[in-house]
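Bear in mind that the values in this text are calculations on the coordinates, not laboratory data. All of these numbers come straight from a predicted model, not from anything done at the bench. In this analysis, Cβ positions are derived from the backbone assuming ideal geometry, glycine residues included, and neighbour counts consider all displayed protein chains.
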Amino acid sequence: MLSSEEVLQMRRDYLMPCLGYFYKEPPVFVRGEMQYLYDDKGKKYLDFFAGVSVMNCGHSNPEITDKVARQLGTLQHVTNVYLTQPVVELAKRLSEVLPGNLHNSFFCMSGSEANEGAMLLARIYTGKRKFIALDRSLHGRTNLTMAATSIPMWRADPFLPEDFYFVSHSPGETLSELESILRKDSDIAAFIFEPIQGNGGIITPPDGYFKEIAGLLKNYGVLMICDEVQTGFARTGKLFAIEHYDVVPDIMTMSKALGNGIPIAAFSATREIAASFISPSASTLGGNPVACASALAVLDYIEKHDLCNRAKKLGALLYEKLLLLKEKYSFVREVRGKGLMLGMELTGEGKEPLPAKTDAVLEQLKEDGIILGKNGLSRNVLAFQPPLVIDEADIEYLAEKLDIALKNS
Ligand SMILES: Cc1ncc(COP(=O)(O)O)c(C=O)c1O
């Protein structure tokens, strides 16, 4: 077996240098079991990041992997010009659980690809070219989705298309900025947004926010594309985060937790919008039987184990614990989020971001056997996005160790 130093060196030697990593001495993970990870030295970690909101149903969950293994041993792939059962079952199942009248789906491989496809569909349906996104957004790494991404560190391409407007994510400003764009430019196909901005720092809009936006967009015939790549599948206490806002988007995108570690993504739209997508399109691996079997098993698991309520209940407990720490430490500026998608922003006396402190907290927690995430424009927001199968004792343990880490770092 390779040592962790050798793995790190080979990563530096053979992968592209654009790929960053957390920790000065990153652990090499060799095994996962529900909310726990194990490294090559046998050390156990409580996972509080879930591979960026992917492993909502837990690592190597046997109720899911058994079904995936059965499909893997039966039929792996034929591509979607042929008929298979799992993909139609999944599409039907999604139409039953998606908000409102979202009905037809297109399956692909990643969140970026789903958002790219959603924007293509919006252009085809409306015959319009441009898009509006929120500042602090992240929608992907393809050309169009990177152009829809406002976070500077995720805009690597120096030649991005200029078909995008960005409006403030601040509740008091979004609406008026949107309206002034819509008044002067009639070539807008869609507004694309994350209901809770993940990479932007768990930015959580107030109740009513998206309803006002939806009303305005409707007046101008502009579609709403809701990016649920990070927020979907019970993470926030509802199956989809937009349900907290009582709004039905025109197109919704999803990935990550849909496959619980198996690559799958989709964009879904109303029958009317989907009907406009008649020019040929296909994704070689999209709707692959193994990925669809995994997604069906995920939906079964979420329902059977009531993960929405679990995320809501445990999220409330975690929120309470984090608020106590906010009262205790002046550098904890804000705790925000919904369900088990929570963020804790660290800032100094002059409200300046504290990314070094954030890193120090992560390092300390790693020593204590806890894997935590971070995000935000200045990388100063601790991100709590565990598998939804954690329990109260896990939250107690995290809160206790976090308290010490905040004090000492
Ligand atoms: C909200 C959101 N949209 C899109 C993406 C891109 O997804 P992927 O990395 O699967 O292409 C991400 C990835 O973190 C995301 O958080």
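Just to confirm my numbers, what's the Cα centroid distance between segment 52-117 and segment 206-257 in Å?
After rounding, the separation between the Cα centres reads 20 Å.
Which order do the peptides 386-399, 251-264 take when ranked by the mean count of other beta-carbon atoms within 10 Å per residue, highest first?
Details: 386-399: 19.6, 251-264: 26.3.
In descending order of packing, they fall as 251-264, 386-399.
So if I place +1 on the C-beta of Lys and Arg and -1 on the C-beta of Asp and Glu, and nothing else carries charge, what would the dipole magnitude of the chain be about its Cα centre? I want it in debye, nearest 20. Mind dumping the intermediate values first?
Values: 43 positive and 51 negative charges, 60 e Å.
The dipole of the chain has a size of about 280 debye.
When a/c is below 1.5 the answer is rounded, else prolate if a/b is larger than b/c, else oblate, so apply that to segment 187-297 with a ≥ b ≥ c taken from the square roots of the Cα gyration tensor eigenvalues.
Numbers: a/c = 2.29, a/b = 1.22, b/c = 1.88.
It comes out oblate by the Cα gyration axes.
Among the lysines, which have Cα under 22 Å from the Cα of Lys67 when same-chain residues fewer than 8 positions away are ignored?
List returned: Lys92, Lys256, Lys304.
Going by average Cβ density within 10 Å per residue, which order do the peptides 367-375, 140-148, 6-14 take, highest to lowest?
Numbers: 367-375: 19.8, 140-148: 21.6, 6-14: 11.4.
Put in order of decreasing packing, that is 140-148, 367-375, 6-14.
Under 1.5 on a/c is rounded, so check that first for the chain, then, if it is not, pick prolate when a/b is larger than b/c and oblate when it is not; a ≥ b ≥ c are the square roots of the alpha carbon gyration tensor eigenvalues. Show your work: numbers first, answer last.
Values: a/c = 1.60, a/b = 1.18, b/c = 1.35.
It is oblate, given that a/c is not under 1.5 and a/b is not larger than b/c.
Averaging over all projection directions, find the projected area of the Cα convex hull of segment 77-304 and quote it in nm² with one decimal place. Before the final figure, lay out each step's value.
Values: hull surface 47.7 nm².
That works out to 11.9 nm², a quarter of the Cα hull's surface.
Residues of segment 219-233 with backbone nitrogen within less than 14 Å of a virtual label 7 Å along the Cα-to-Cβ line of Asp185, please, listed as ranges.
Of the residues in segment 219-233, 222-223 have backbone N under 14 Å from the label point off Asp185.
Per the Kirkwood treatment, what hydrodynamic radius in Å, one decimal, follows for segment 317-409 from the mean inverse distance over all distinct Cα pairs?
On the way: mean 1/r = 0.0765 Å⁻¹.
One decimal place: 13.1 Å for the Kirkwood radius.
Of Lys211/Lys326; Lys44/Lys238; Lys238/Lys374, which sit over 28 Å apart, Cα to Cα?
Values: Lys211/Lys326 30 Å; Lys44/Lys238 30 Å; Lys238/Lys374 23 Å.
Distance filter (> 28 Å) returns Lys211/Lys326; Lys44/Lys238.
Please list 104-114, 232-242, 156-166 highest first by mean number of surrounding beta-carbon atoms within 10 Å per residue.
On the way: 104-114: 23.7, 232-242: 26.1, 156-166: 12.7.
Descending mean neighbour count gives 232-242, 104-114, 156-166.
To the nearest 20 debye, what is the magnitude of the charge dipole of segment 194-273 about its Cα centre, counting +1 on the Cβ of each Lys and Arg and -1 on the Cβ of each Asp and Glu?
Details: 6 positive and 9 negative charges, 33 e Å.
Dipole size: approximately 160 debye.
For the chain, what does -39500 (n - 2.57) per DSSP helix run (n ≥ 4), summed and divided by total residues, give at 222 nm, in deg cm²/dmol to the nearest 500?
Numbers: 13 runs with 157 residues, N = 409.
Rounded to the nearest 500, the figure is -12000 deg cm²/dmol.
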